[in-house]
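Undergrad: Sharing a structure here in structure tokens format.
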Amino acid sequence: METVRNDRVFKLFPTAKLTTTEHDVVLHVLEHLDKNQEVSIREIASSCFTSMTTVTRASKKLGYSGFREMVYALRTRTADQDQSIISSNELHASLTYDAEHLARFYDLLDRKELIGLKGEGYSHLISEYMQHKLLGRGYPAVEQDYLYSDQFATMMRNHLSLMIIVSKSGRTPAVVHAAQECVARGIPVAAFVGNTNNPIVDLADMMFLVEDDQPLDNSNSRPGSFTGCCILAFERILYKYEEELGGLSWNHSQSAGD
């Protein structure tokens with residue numbers, strides 16, 4: 001039997017189908033993370049009057065491989081001092097990020113130099129949208145599309161101020177290779193990903209974790225939040241920079257329309 005949720009578990013995982021006990025398990029983990037306490041699967045099971053198997057099952061329903069990965073990911077997402085949430089009232093979409101990473105991202109925008117973008121498959125649609133959004137706002141941007149990663153990085157290394165990588169899984173070989181080539185040439189990499197356990201996060205200088213309620217759906221066959229949330233999060237980042245922080249001045253008469 002599923003439970004009706006209207007608390008922080010629902011806000012983090014709006015589409016997860018948890019039983020009442022599984023919901024209590026996740027909530028208990030979150031409460032312990034707030035207190036910066038170490039938690040073990042045995043302690044969680046005992047406190048919730050359930051089994052360790054149930055705790056593991058709850059972890060997997062949220063898209064994690066097990067209890068330890070769930071704890072690590074939740075700790076990353078709920079760290080109050082180093083991370084923030086950008087949200088919209090119209091659509092539940094969130095972006096979790098390190099404040100220093102966002103500050104560096106804004107510093108790179110301030111340079112007004114060329115920005116590269118890379119995405120594969122459905123993520124290519126996101127990177128393409130980002131490129132058009134940047135161009136419409138007066139930021140020079142180019143997408144790596146036809147050139148191989150090493151050719152692109154070599155040709156652009158003296159021009160690129162930033163490379164934006166978009167990948168739901170963070171494991172797609174082409175985007176991993178693109179990140180590797182940029183790192184090898186000293187080009188800063190900003191990664192928009194759906195989870196924190198992947199090679200791109202290890203390579204990136206800036207990491208932005210986008211809400212993904214279907215982390216196991218690698219074929220994108222189910223309705224998922226990553227694509228929409230990633231676009232909305234990027235919109236909010238630019239809005240915060242331009243409107244709230246007084247960033248790059250741009251001519252409204254020349255901005256792109258819908």
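Undergrad: Return yes or no: is A190 closer than 25 Å to E235 by Cα and out of contact with any Lys or Arg (no Cβ under 6 Å at 6 or more places or on another chain)?
TA: It is true that A190 is closer than 25 Å to E235 by Cα and out of contact with any Lys or Arg (no Cβ under 6 Å at 6 or more places or on another chain).
Undergrad: Another question, if that's okay. Is at least one residue of segment 90-97 outside the structural domain of D212 (by TED's automatic domain parsing), at pLDDT 85 or above and either part of a strand (DSSP E or B) or surrounded by fewer than 16 Cβ atoms within 10 Å (Cβ to Cβ) (or both)?
TA: No, segment 90-97 contains no residue that is outside the structural domain of D212 (by TED's automatic domain parsing), at pLDDT 85 or above and either part of a strand (DSSP E or B) or surrounded by fewer than 16 Cβ atoms within 10 Å (Cβ to Cβ) (or both).
Undergrad: Now for a different question. Tell me which residues, restricted to segment 45-60, are hydroxyl-bearing (S, T, Y) and in contact (Cβ under 8 Å) with a residue 12 or more places away in the chain.
TA: Those that are hydroxyl-bearing (S, T, Y) and in contact (Cβ under 8 Å) with a residue 12 or more places away in the chain: S47, T50, T54, T56.
Undergrad: Same structure again: If you scan segment 138-176, which residues turn out to be within 14 Å of L114 (Cβ to Cβ), under 22 Å from the mean Cα position of the chain (by Cα) and of a type in the set (S, T, N, Q)?
TA: Q144, S161
Undergrad: Within segment 177-196, take every residue that is under 21 Å from Q214 (Cα atoms) and touching a Pro at 6+ places or on another chain (Cβ under 9 Å) and give me the one that is surrounded by the fewest Cβ atoms within 10 Å (Cβ to Cβ).
TA: My answer is N195.
Undergrad: Let me ask something additional. Output the number of the condition that E235 fails; it satisfies all remaining conditions of (1) at pLDDT below 90; (2) of a type in the set (D, E, K, R); (3) closer than 17 Å to Y97 by Cα.
TA: For E235, the failing item is (1).
Undergrad: Still on this structure: Taking M163, is it closer than 18 Å to A103 by Cα, surrounded by 17 or more Cβ atoms within 10 Å (Cβ to Cβ) and not acidic (D, E)?
TA: yes
Undergrad: Moving on. Examine segment 56-75 for a residue that is farther than 24 Å from H23 by Cα and at pLDDT below 90, and state whether such a residue exists.
TA: Checked segment 56-75: no residue is farther than 24 Å from H23 by Cα and at pLDDT below 90.
Undergrad: Same structure, new question: Name the residue that is farthest from G63 (Cα to Cα), counting only residues in segment 216-229 that are touching a residue at least 12 places away in the same chain (Cβ under 8 Å) and surrounded by fewer than 17 Cβ atoms within 10 Å (Cβ to Cβ).
TA: Among them, the one singled out is G228.
Undergrad: List the number of the failed condition for R42; all other conditions in (1) modelled with pLDDT of 90 or more; (2) surrounded by 13 or more Cβ atoms within 10 Å (Cβ to Cβ); (3) more than 22 Å from the chain's Cα centre (by Cα); (4) assigned to a helix (DSSP H, G or I) hold.
TA: Here R42 clears every test but (2).
Undergrad: Another question about this same structure. Can you name every residue in segment 18-39 that is at pLDDT 85 or above and not in a helix (DSSP H, G or I)?
TA: L18, T19
The values are calculated or read from the model by the stated rules, or taken from the named source; none is laboratory data. Keep in mind it's a predicted model, so treat the numbers as computed, not measured. Glycine also receives a Cβ, built like all others from the backbone with ideal geometry; neighbour counts cover every protein chain displayed.
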